[in-house]
Amino acid sequence: MVRPHTQLHPSQTPAALRPAATVLLLRDGSGGLQVLMTRRSMQASFAPGAYVFPGGAVDPQDHEAAATAGFRPGHAPHWRAAALAAIRECYEELGILLAYRADGQPAQASDVARLRRDAPFYAQCQALGLRPAADATWLLAHWITDRDLPKRFDVPFWVARMPVNQEPVADEQEQFEPAWVSPTDALARHAQGAFNMVFPTVRTLQRLQLHTNVEQVLQACAGEQPLFVSCPRAGLRQGKEARFMEHEPPYGELALVCPDGQIVHHLDWQHQRPVPLLRHVQRLTVGNPGMMTGPGTNTYVVGEPDTGYVVIDPGPDDAAHRGRLLQATQGDIRAIVCTHSHPDHSPGARPLQATLGTPAPVLGLPSGPHALADSRWSPDEALSDGATLRLGTTPGNRHTLRALHTPGHAANHVCLVLEEDGLLFSGDHILNGSTTVIAPPDGNMDDYLDSLQRLAQACQTHVVQFILPAHGHVLHQPLAVIAGLRAHRLAREAKVAQAIHRHPNGGPDDWLALAYDDTPKALWPVARHSLLAHVQRLQRLATAKKEV
């Protein structure tokens, strides 16, 4: 858990959440899936003028009606009032009635004509023998309004098939101009500035466009759980506000730096100055962007003026980068740590050390016997597994880094846990936005997978909430990240095994085209290394099975 006093920005309490609901009415058009959207009033207090799906606040009457309405057995009780609210709002805003007659048949236009929008909805339905079609709504997504906004909602997004023989008629007070659009067309018009939509609407349509018809959408929702849950976070890109969902690369960094939703953190990659992440953690990215390094190699500086600093991964021998590190630390560097000896991580260590008035030890593990020539390296002191580095003496400014030997990407790879704050400096073992390359013989797939398991255990032991990788933004939800990496690797290994089975007399290039058919060909030369690592692991597994 990050210590509150180490945060860069004053804490703030987000606005209270208001229960609400919305529904996406769907139909199959001549060109495929279509959704009904409508424009909000320009005087609306929330998203004025935006095209939205019908919906609104959950009222007490929705809870009362939920006690007697008919739901599917799997329809979660805590969502039931919201499902009815979506049905009610759909009628009040667009005149669409999702209901059954007393004989069980769907409501028709003639039933709609007997209702008044300015009268209580449920009382009218009961008087006319109509039952809201709660079992015809399916949970698609769950959105929680961003923490920075003054008005916030907790909103399940439902989907329902558009009733036949009914036509939308806007109330001309809250909603205007109902229109059937395909998700792809709505997104294209929004990109052109002609169809204004708020962030959740855009992201929901992006997910919806993966389906070609209504039945596909309903089948996807059959599990009775939201397909995704999101409370977006916002940062600054090119000086403008930009919002991100949990699966997008900047999200974890925003959660670390601006936990209460403050929109102050700049996400643009730059190499001229350190980026503060916490009061005692800075990131300075080397100006070496490329296919293998992404935006560049991240050097992390841990410490404060009254404790001195530890520099993690000083990068290549880059004089300008070295000068910026000296300026960020005022030259008070107590240790230089290299997570491994690859040329984008370790060559800058000795030159940085040579500039210090009081030389700091260069720490890490010596390269293994199979390291390539440009990765052969020895530290001043071996950073043994479990060893600790400590800065500061009082609880408020004490920073303890614990080393974990994590071979796999490299035989001498080390990760570091900042124990007081639950931060994992993962080097190249875990990256943001890509999977690391395992290149035999120094790289080893068995070791990589075992190290992932060890990191998962360390995350549980030290309550790690964030991963700070050597390339890319900060990651959140470390256990989910690690589980995802392991699953990805094993799924890839299954494809490699299938490729070998199909071409038992083939070679790596034959197998590569099959096992990495979902990867751009430009990346195949790099992917070939990991394929070989998988082949070697499969061979070891086969040998072990025979011996048993």
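Measuring only protein heavy atoms, the 1.4 Å probe finds MET292 accessible over about 110 Å².
Per residue, what accessible area does the stretch 389-504 have, given a 1.4 Å probe and all protein chains present, in Å²? Each step should come with its number before you reach the end.
Working: 4140 Å² over 116 residues.
For the stretch 389-504, the per-residue accessible area is 36 Å².
Cα centroids of the stretch 264-322 and the stretch 515-548: 34 Å apart. Solvent-accessible surface (1.4 Å probe) assigned to TRP138 amounts to roughly 50 Å². Every helix of 4 or more DSSP H residues in the chain counts as -39500 (n - 2.57), and over all residues that averages to -9000 deg cm²/dmol at 222 nm.
In percent, what relative contact order does the stretch 200-280 have, based on Cα pairs under 8 Å that are 6 or more apart in sequence? Display every interim value, and only then the final one.
Numbers: 66 pairs, mean separation 17.5, N = 81.
It comes to 22 percent, rounded to a whole number.
In loop segments of the stretch 109-149 as defined by DSSP, the trypsin sites (Lys or Arg not before Pro) with at most 10 further C-beta atoms inside 10 Å of their C-beta are ARG116. Shown for the chain: the carbon plus sulfur share of the solvent-accessible area, taken with all protein chains present and a 1.4 angstrom probe, equals 54%.
Would you calculate the volume per residue, in Å³, of the smallest convex hull containing every Cα atom of the stretch 96-199?
On the way: hull volume 15.8 nm³, N = 104.
Considering the Cα atoms of the stretch 96-199, their hull volume per residue is 152 Å³.
Classify the stretch 354-462 as rounded, prolate or oblate, taking a ≥ b ≥ c as the square roots of the eigenvalues of its Cα gyration tensor: rounded when a/c is under 1.5, otherwise prolate if a/b is larger than b/c and oblate if not. In terms of gyration-tensor shape, oblate. Please work out the FRET efficiency for the pair ALA188 and GLU241, using the Cβ-Cβ distance as r and a Förster radius of 25 Å; give the result to the nearest 0.05. The value I calculate is 0.65. Relative to the longest principal axis of the Cα atoms of the chain, the long axis of helix 199-208 makes an angle of roughly 90 degrees. Taking the C-alpha atoms only, the angle from helix 478-502 to the longest principal axis of the chain is near 80 degrees. Between the helical axis of 80-94 and the longest alpha-carbon principal axis of the chain there is an angle of about 60 degrees.
Determine the order of GLU241, GLU253 by accessible area, beginning with the largest, at a probe radius of 1.4 Å.
Details: GLU241 110, GLU253 0 Å².
In descending accessible area the options line up as GLU241, GLU253.
With contacts defined as alpha carbon pairs under 8 Å and 6 or more residues apart, what's the relative contact order of the stretch 292-393 in percent? Normalised by residue count, the contact order of the stretch 292-393 is 24 percent.
A cut-off of 5 Å between modelled amide H atoms, ignoring neighbours fewer than 5 places along the same chain, links LEU24 with TRP158, VAL159, ALA160.
Distance from the Cα centroid of the stretch 435-454 to that of the stretch 457-483 is 17 Å (rounded to whole angstrom). The Rg/Rh ratio for the stretch 137-178, using Cα coordinates for both the radius of gyration and the Kirkwood hydrodynamic radius, is 1.09. Look at (i) -0.91, -1.21, -1.35; (ii) -1.05, -1.29, -1.35; (iii) -0.92, -1.11, -1.20: the one that is log10 I(q)/I(0) by the Debye sum over Cα atoms at q = 0.10, 0.12, 0.13 Å⁻¹ derived from this structure is (iii). The Cβ shell under 15 Å around THR184 holds other residues with a net charge of +1, Lys and Arg each +1, Asp and Glu each -1.
Shape of the stretch 430-548 from its Cα gyration tensor (a ≥ b ≥ c, root eigenvalues): rounded if a/c is under 1.5, otherwise prolate when a/b > b/c, or oblate? Let's see the in-between values first.
On the way: a/c = 2.51, a/b = 1.53, b/c = 1.65.
Taking the square roots of the gyration eigenvalues as a ≥ b ≥ c, the stretch 430-548 is oblate.
Distance between the C-alpha centres of the stretch 114-184 and the stretch 59-112: 9 Å, rounded to the whole angstrom. The loop-placed trypsin sites (Lys or Arg not before Pro) in the stretch 239-324, going by DSSP, that have at most 16 neighbouring Cβ atoms within 10 Å of their Cβ come out as ARG279. If you sort the three axes of the alpha carbon gyration tensor as a ≥ b ≥ c, you get a/c under 1.5 for the stretch 18-132, which makes it rounded. Ordered from highest to lowest accessible area with the whole protein assembly present and a 1.4 Å probe, VAL169, VAL159, VAL437 read as VAL169, VAL437, VAL159.
The values are calculated or read from the model by the stated rules, or taken from the named source; none is laboratory data. Because the structure is a prediction, the values reported are computed rather than measured. Positions of Cβ are generated from backbone atoms using ideal geometry, with glycine treated the same way; all protein chains shown enter the neighbour counts. To get the accessible areas, we keep the full protein, side chains included, count just its heavy atoms, and leave off ligands, DNA and RNA. Shrake-Rupley method; radii C 1.70, N 1.55, O 1.52, S 1.80 Å.
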